[in-house]
Amino acid sequence: MTIYVDADACPVKAEIERVGTRHGTRMVVVSNGGIRPSPHPLIETVIVAQGPDEADKWIAERAGPGDVVVTSDIPLAAKCVAAGAQVLRPTGEPLTADNIGNVLATRDLMADLRAADPFLQGRGGGFTKADRTRFLDALERVLRKIGR
């Protein structure tokens with residue numbers, strides 16, 4: 001079991017480290033750079049080439065059954081779900097085979113709406129303490145389920 005972290009804009013890296021360490025789980029933090037590598041022996045930091053979606057490609061090529069992927073990137077999440085990985089958003093929302101189609105369609109619809117109306121930019125809510133708490137609970141549940 002490995003936890004793959006799409007780390008470039010991940011607000012819950014410290015929480016992943018805390019829960020992953022408690023479970024003795026290998027963690028791979030993947031980014032295009034700009035993050036400080038952790039000295040923790042369970043955490044591998046992977047810096048991929050600069051370019052669009054390079055970190056996503058790296059994770060998608062490796063994640064599979066028994067792995068957990070933490071990402072906000074919906075197309076990456078769809079690939080990982082198809083590969084059999086458990087996927088969590090930083091808000092704790094699980095992305096599964098049952099809901100990824102709707103989430104992907106909503107993402108595409110919102111992108112089209114934002115392109116058509118520039119006044120819709122930046123309307124998302126900020127990341128909250130409640131989101132962090134939901135994420136911690138969700139990651140704990142997923143790791144326990146996989147560990148059985």
Which of the residues belonging to region 20-37 are within 19 Å of Met1 (Cα to Cα), surrounded by 14 or more Cβ atoms within 10 Å (Cβ to Cβ) and out of contact with any Phe, Trp or Tyr (no Cβ under 9 Å at 6 or more places or on another chain)? Gly20, Thr21, His23, Thr25, Arg26
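Would you confirm whether or not region 4-11 contains a residue that is of a type in the set (Phe, Trp, Tyr), outside any strand (DSSP E or B) and either crowded, with 16+ Cβ neighbours inside 10 Å or without any contact (Cβ under 8 Å) to a residue 60 or more places away in the chain (or both)?
Initially, region 4-11 is screened for residues of a type in the set (Phe, Trp, Tyr), giving 4.
Now drop any that are not outside any strand (DSSP E or B), which leaves none.
No, every residue in region 4-11 fails to be of a type in the set (Phe, Trp, Tyr), outside any strand (DSSP E or B) and either crowded, with 16+ Cβ neighbours inside 10 Å or without any contact (Cβ under 8 Å) to a residue 60 or more places away in the chain (or both).
Just checking, how many residues over region 42-68 are closer than 22 Å to Gly24 by Cα, hydrophobic (A, V, I, L, M, F, W, C) and buried (at least 17 other Cβ atoms within 10 Å of the Cβ)?
Of the residues in region 42-68, the ones closer than 22 Å to Gly24 by Cα are 42-46, 59, 62-68.
Subsequent filtering for residues that are hydrophobic (A, V, I, L, M, F, W, C) retains 42-43, 46, 59, 63, 68.
Next, only the ones that are buried (at least 17 other Cβ atoms within 10 Å of the Cβ) stay: 43, 59, 63, 68.
Residues that pass the stated criteria total 4.
Over 24 Å from Arg134 (Cβ atoms), free of Cβ contacts under 8 Å to residues at least 60 places away in the same chain and surrounded by 14 or more Cβ atoms within 10 Å (Cβ to Cβ) - does that describe any residue in region 69-78? Walk me through how you get there before you give the answer.
Pass one, region 69-78, residues over 24 Å from Arg134 (Cβ atoms): none.
No, the conditions are met nowhere in region 69-78.
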Evaluate the following for Ile43: is it more than 22 Å from Asp131 (Cα to Cα) and in contact with an Asp or Glu (Cβ under 7 Å, 6 or more places away or on another chain)? yes
For region 47-57, state whether one or more residues are in contact with a strand residue (DSSP E or B) (Cβ under 7 Å, 6 or more places away or on another chain), in a loop (DSSP other than H, G, I, E, B) and not aromatic (Phe, Trp, Tyr). yes
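For region 43-62, state whether one or more residues are closer than 18 Å to Arg144 by Cα and of a type in the set (A, V, I, L, M).
Going residue by residue through region 43-62, those that are closer than 18 Å to Arg144 by Cα are none.
Scanning region 43-62 turns up no residue that is closer than 18 Å to Arg144 by Cα and of a type in the set (A, V, I, L, M).
Readers should treat all values here as calculations from the given coordinates under stated rules, not as data from a laboratory. Just so you know, these numbers come straight off a predicted model, no measurement behind them. Here the Cβ is made from the backbone with ideal geometry for all residues, glycine too, and neighbour counts use every protein chain on show.
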